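The values are calculated or read from the model by the stated rules, or taken from the named source; none is laboratory data. In this text the structure is predicted, and so the values were computed from the model without any measurement. Counting neighbours? That spans all protein chains shown, and the Cβs are built from the backbone with ideal geometry, glycine included. Note: accessible area is taken over every heavy atom of the protein model, side chains too, but ligands, DNA and RNA are not part of it. Shrake-Rupley method; radii C 1.70, N 1.55, O 1.52, S 1.80 Å.
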Amino acid sequence: MRREELFGLPTTPLPDIATALRLVDRALDSRSGLLVTFVNPYSWRIARTRPDYAAMLAGFDLVLPDGSGVVKALAWARGIAAARLSFDASSLYLPVFDRLDRRHRRLFVIGAAPGVARRAVARMRAEFPGLVLAGCLDGFRPQDEAAASILATAPDLVLCGMGAPHQEALLLELRRRGFAGIGFTCGGFLDQLAEKQRYYPAWVDRAELRWLYRLAREPRRLLRRYTLDYAPFVAATLLALARRRLGTVRAAARS
C-alpha cells in the first residue's frame, strides 16, 4: 500500500473502511501476514522521546490515521484524502470480528490491566459466539514471555492493547519470530469494551465528538494529553495550514 510521510511519521491513507476490510479478508484467506497500527496526535509526542518509533511504524503493513485531526492534517499538509480508521466499535472492531466469527478463526487478546482483557473478551464472545479464543493475557508481561505464549496458540489474529510503542514492539517481535497471521494494535479499546459494549453513544459518533466525550469521562488523565502532549502535532498542523493558505494567496496574487 502507498505510504505517505506526515510530520516525520509514516502513514497509510486509505480511502474508506471497505479497502481496509478487503486487505483483512485477503490476509485471513491466504495467511500472508498483516500488521496494522494507528497514529493519532499523541504519536508525534511519542516520536520526540522514542527516536526508534518512526522505524517501528515503518515495519507495519498499515499505519492508519486515527482521529479527524490526523485526517485533516494529511489533507492540509499533503493534499491527501484519507478515511479516519481506528480499532473500536465506531470503526473496525465490529466488521473485523464479524469476519473472525463467521470463519471461526482463532483470536488472542493481550493488553490492559489484569482482569480487564478477560472482561473485554467476555463481551466479544457474547456478541461473536463463533470466535475461537486462543488465549488472553494482561499487558504487564515481559515481551519474550508474551510472544512465546501467543505463538504457542497459533492464533489467526492478535489484538494488542498495550499502548504505544509497547504494542507495536510486541507485534513486530511476533513477526520476527515467524507469526504470519493478522495483528492489530488497539490502544485503550480493551478498557472501553470491558466497561460497556458500545463505549460511545450514537450521537457522539455521528457528531465526531469522541475526543470530547472521552475528556468529559476522564478529565484528569486526558486534559494534559489533549493540551501539552498534543502540542507538537497541533503546531505542525497549524504551520502546514498557514503555509497552504500563504501559497493560495501568492498564487492568487500572481494570476
Q: Of the conditions (1) in contact with a strand residue (DSSP E or B) (Cβ under 8 Å, 6 or more places away or on another chain); (2) within 20 Å of D88 (Cβ to Cβ); (3) among the hydrophobic types (A, V, I, L, M, F, W, C), I17 clears all except one; give me its number.
A: (1)
Q.
Looking at P155, P142, P165, P219, can you tell me which residue is farther than 29 Å from L23 by Cα and at pLDDT 90 or above?
A. P142
Q) Pick from the range 57-88 the residues that are assigned to a loop (DSSP other than H, G, I, E, B) and of a type in the set (A, V, I, L, M, F, W, C): which of them is most open to solvent (accessible area, probe 1.4 Å)? A) A81
Q: Run Y200 past the list (1) under 21 Å from F97 (Cβ atoms); (2) in a helix (DSSP H, G or I); (3) within 17 Å of the chain's Cα centre (by Cα) and report the number of the one that doesn't hold.
A: (2)
Q: From (1) open to solvent by 60 Å² or more (accessible area, probe 1.4 Å); (2) modelled with pLDDT under 95, pick out the condition that doesn't hold for P129.
A: (2)
Q: Taking only the range 228-245 into account, find how many residues are at pLDDT 75 or above, surrounded by fewer than 16 Cβ atoms within 10 Å (Cβ to Cβ) and over 21 Å from the mean Cα position of the chain (by Cα).
A: 8
Q: For the range 203-217, enumerate the residues that are out of contact with any Phe, Trp or Tyr (no Cβ under 8 Å at 6 or more places or on another chain), over 23 Å from I110 (Cα atoms) and open to solvent by less than 60 Å² (accessible area, probe 1.4 Å).
A: D205, A207, L209
(Q) Restricting to the range 46-56, and then to whatever is part of a helix (DSSP H, G or I) and modelled with pLDDT under 95, can you tell me which residue is farthest from P232 (Cα to Cα)? (A) T49
**Q.** Which numbered condition R50 misses (of (1) open to solvent by less than 30 Å² (accessible area, probe 1.4 Å); (2) closer than 19 Å to L172 by Cβ; (3) out of contact with any strand residue (DSSP E or B) (no Cβ under 8 Å at 6 or more places or on another chain); (4) not β-branched (V, I, T))
**A.** (1)
Q. If you go through the range 118-175, how many residues are touching a Lys or Arg at 6+ places or on another chain (Cβ under 6 Å) and charged (D, E, K, R)?
A. 1
Q: Look at F7 and say whether it is among the aromatic types (F, W, Y) and more than 17 Å from the chain's Cα centre (by Cα).
A: yes
Q. So which residues in the range 136-194 are open to solvent by 40 Å² or more (accessible area, probe 1.4 Å) and assigned to a helix (DSSP H, G or I)?
A. Q143, D144, E145, A148, S149, L151, A152, H166, L172, R175, R176, D191
